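Colleague: Sharing a structure, written as structure tokens. Questions coming.
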Amino acid sequence: DAGVTQSPTHLIKTRGQQVTLRCSPISGHKSVSWYQQVLGQGPQFIFQYYEKEERGRGNFPDRFSARQFPNYSSELNVNALLLGDSALYLCASSLSLADYNEQFFGPGTRLTVL
Amino acid sequence: QKEVEQNSGPLSVPEGAIASLNCTYSDRGSQSFFWYRQYSGKSPELIMSIYSNGDKEDGRFTAQLNKASQYVSLLIRDSQPSDSATYLCAVNLSSGGSYIPTFGRGTSLIVHP
């Protein structure tokens, strides 16, 4: 079975631009979460979606937004890019929102902002 | 206060030894705990989950949980150079009806031949 997929793999943007990252969850998984990981740190939670509804939001500015589609895939949008947005963006999927649910990560999108 | 704490390391152990990785957390109500392995330049890979006090074994890996002490650990027996990676501890924190995995900064493990 296919795991979580993300596109693109790498992305280079300049300050002020906008970017859209895409994620497809494991088949049967209905929850998608987005994380930002900078070098030397653990993943930081950005958003969680379940059944197309936002169910959690981390401490990120309004420049960050996301949505989930009827097929459970998801997009993360970042507007007005800053140098500090350079990071590995990770998508993770899980079956549901239950506490015991395990999350599985995609390969990530490495974003570089120049 | 950081919610999930890990020593960043690096932890260096010889091949064949036991590597012990530790994690403490601040939310006494947390019930679900996860260990991920992350190779340099790659995404995190789930190794084990643990929900009850005590030990849980899976091959060379043993997760240990002590909720009273708010402490979770991962033991790797017979460490191999291929185990060299960063190990991330994640704890589910309750938030508005959902559970959000909160990660530590990770411990870098180096297994030398």
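Colleague: Please go through segment B:1-58 and pick out each residue that is of a type in the set (Gly, Ala, Ser) and under 11 Å from the mean Cα position of the chain (by Cα).
Modeller: The answer is B:Ser20, B:Ser49.
Colleague: Could you go through segment B:59-81 and let me know if any residue there is within 24 Å of A:Leu97 (Cα to Cα), surrounded by 13 or more Cβ atoms within 10 Å (Cβ to Cβ) and within 9 Å of chain A (Cβ to nearest Cβ).
Modeller: Checked against the condition, which is being within 24 Å of A:Leu97 (Cα to Cα), surrounded by 13 or more Cβ atoms within 10 Å (Cβ to Cβ) and within 9 Å of chain A (Cβ to nearest Cβ), segment B:59-81 yields no hits at all.
Colleague: A further question follows. Name the residue that is surrounded by the most Cβ atoms within 10 Å (Cβ to Cβ), counting only residues in segment B:82-101 that are β-branched (Val, Ile, Thr) and more than 7 Å from every other protein chain (Cβ to nearest Cβ).
Modeller: Checked segment B:82-101; the qualifying residue surrounded by the most Cβ atoms within 10 Å (Cβ to Cβ) is B:Val91.
Colleague: I've got another one for you. Which of (1) of a type in the set (Asp, Glu); (2) over 19 Å from B:Ser95 (Cα atoms); (3) without any contact (Cβ under 8 Å) to a residue 40 or more places away in the chain is the odd one out, the single condition A:Asp99 does not satisfy?
Modeller: So A:Asp99 meets the others, but not (2).
Colleague: Here's a follow-up. Working only within segment A:96-109, note down all residues that are within 18 Å of B:Glu45 (Cβ to Cβ) and either facing chain B (nearest Cβ under 7 Å) or over 16 Å from the mean Cα position of the chain (by Cα) (or both).
Modeller: If the condition is that a residue be within 18 Å of B:Glu45 (Cβ to Cβ) and either facing chain B (nearest Cβ under 7 Å) or over 16 Å from the mean Cα position of the chain (by Cα) (or both), then A:Asn101, A:Glu102, A:Gln103, A:Phe104, A:Phe105, A:Gly106, A:Pro107, A:Gly108 are the ones that fit.
Colleague: Search segment B:75-100 for residues that are at pLDDT 95 or above and pair each with any residue that is among the acidic types (Asp, Glu) when their beta-carbon atoms are under 6 Å apart and the residues are at least 6 apart or on different chains.
Modeller: So the pair list comes out as B:Ile76/B:Asp83.
Colleague: Do you know which of the residues in segment A:28-56 that are open to solvent by 60 Å² or more (accessible area, probe 1.4 Å), within 9 Å of another protein chain (Cβ to nearest Cβ) and part of a strand (DSSP E or B) is modelled with the lowest pLDDT?
Modeller: My answer is A:Arg55.
Colleague: For segment B:71-92, give me each residue that is touching a Ser or Thr at 6+ places or on another chain (Cβ under 6 Å) and either over 14 Å from B:Phe34 (Cα atoms) or not hydrophobic (A, V, I, L, M, F, W, C) (or both).
Modeller: Answer for segment B:71-92, where residues must be touching a Ser or Thr at 6+ places or on another chain (Cβ under 6 Å) and either over 14 Å from B:Phe34 (Cα atoms) or not hydrophobic (A, V, I, L, M, F, W, C) (or both): B:Tyr71, B:Thr86, B:Tyr87, B:Asn92.
The values are calculated or read from the model by the stated rules, or taken from the named source; none is laboratory data. As the structure is a computational prediction, the values presented were derived from the model and not from experiment. Note: ideal-geometry Cβ built from the backbone for every residue, glycine included; neighbour counts use all protein chains shown. For accessibility, only protein heavy atoms count, side chains too; no ligands or nucleic acids. Shrake-Rupley method; radii C 1.70, N 1.55, O 1.52, S 1.80 Å.
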